[in-house]
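Worksheet: one structure, shown below.
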Amino acid sequence: MPTTPVILDVDTGIDDALALMLAVRHPALDVRAITCVAGNVDRDQVVRNTLGILSLVGAPDIPVGAGAAAPLVQEPRPADHVHGGDGVGGVALPQDGRTADGRGALELMRAALEAAPAPVTLICLAPLTNLALLLRAHPEAAARIGRIVWMGGAIGAGNATASAEFNAWHDPEAAAVVVGSGIPLLMYGLEPFYQAAVPAGAIDELAGSPDPVAAAVGALLRRSQEMGAGEARLPFPDAATLGDAGAVAVAIDESLAACTEAPVAVELRGELTRGRTVVDLREAAVDLHGHAQAPHRAPLRHTTPGAATTVVTGVDGGAVRELFFTTVLGPHAPTLGEAPHGTATAPDTAREPVASASAPAHTSASSTSSERGAR
């Protein structure tokens, strides 16, 4: 199977941990480096968690670099109330003697980009501080980046605030640098984030598994289930989202997603909207000044001319879940069966999974699951 060279940039909390497991165990990805940044928890805890997850799954010796300890402008605002003080909900992670690479995140990223045999996909599951710093310190590195897959932002409502998703909100300036860089970007925001979810029965089964990786996955999902109780965007009651792991799944197989091309900008000034990703889904033959537009879309100001972001508007939640469990757990995967009662079964939304966005999709999600619609 052809492999894609990737660098993972993480703030390893609960769903980053799941994403790491998928990335290092899937044969389509050649993980050449992992860089850590402050986000869900402090930077040093992120490094410990990342090394622990690699130990748990018996990953090869992948270099792990410590990056930014704070956003570009503001103080860190961790989400330890969600992920727990250790970032992984108290799950005990093994240590097998792995240590962080002494070069640090920026030098590690630069070296990995230069050494890769082909353009590298950066899978960023965290605030974009490390990548923004790399682009400023080593602008030539952009030529070695094939594309960026970012779990961040939202078309609609946020989660850190009513307006902003956590990764964008934690460092809006960094997000603005990366979104405006002109590097091809796929934005996996909160719309698909909640669609790829695991039902309560599977979580119970995993938590009781004798396999240590399956049991850890169950414990991580249990914490996610508890913290997400009442979240209306989940496709069925008492579910836990796979979160960042869904972005890795789409990096592996983009046919799992429905996408649209749109200009995106990051709000930096609004008192109530700072960190919001403004996704311009308008269709217009002219802009606000009456000038003709091609291809019939009025662009946001402050975006790179001609640049558009590939925005994931929805995913086939069942297919993402199957890919995750088959890859990570194999014979220890839980019994999933049909989606439980209460699964969102909106009209055939494989091509337009987020009705509120009215987004024309150019990539259709698989229709094998009844979870294609958004809540």
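Inside region 149-248, counting only helices (runs of 4 or more DSSP H) that do not spill past its ends, which hold 2 or more residues that are open to solvent by less than 40 Å² (accessible area, probe 1.4 Å) and farther than 21 Å from V88 by Cα?
Counting at least 2 such residues, we get 172-179, 190-195.
Please count how many residues of region 58-80 are out of contact with any His (no Cβ under 7 Å at 6 or more places or on another chain), in a loop (DSSP other than H, G, I, E, B) and either of a type in the set (S, T, N, Q) or in contact (Cβ under 8 Å) with a residue 24 or more places away in the chain (or both).
15
Evaluate the following for A105: is it in contact with a strand residue (DSSP E or B) (Cβ under 6 Å, 6 or more places away or on another chain), in contact (Cβ under 8 Å) with a residue 40 or more places away in the chain and part of a helix (DSSP H, G or I)?
Yes; evaluated as a whole, the condition is true for this residue.
I'd like the full set of residues that are assigned to a loop (DSSP other than H, G, I, E, B) and open to solvent by 10 Å² or more (accessible area, probe 1.4 Å), limited to region 117-148.
Matches in region 117-148: P117, A118, P119, H138.
Which residues, counting only those in region 249-286, are among the hydroxyl-bearing types (S, T, Y) and either touching a strand residue (DSSP E or B) at 6+ places or on another chain (Cβ under 6 Å) or assigned to a loop (DSSP other than H, G, I, E, B) (or both)?
Result: T260, T273, T277.
For region 87-97, check the following and say yes or no: at least one residue is open to solvent by less than 10 Å² (accessible area, probe 1.4 Å), on the phi > 0 side of the Ramachandran plot and modelled with pLDDT under 95.
Yes.
The values are calculated or read from the model by the stated rules, or taken from the named source; none is laboratory data. None of these values were measured; they are calculated from a predicted model. FYI the Cβ positions are ideal-geometry reconstructions off the backbone, even for glycines, and counts take in every protein chain you see. With ligands, DNA and RNA removed, areas are computed over all heavy atoms of the protein, side chains included. Shrake-Rupley method; radii C 1.70, N 1.55, O 1.52, S 1.80 Å.
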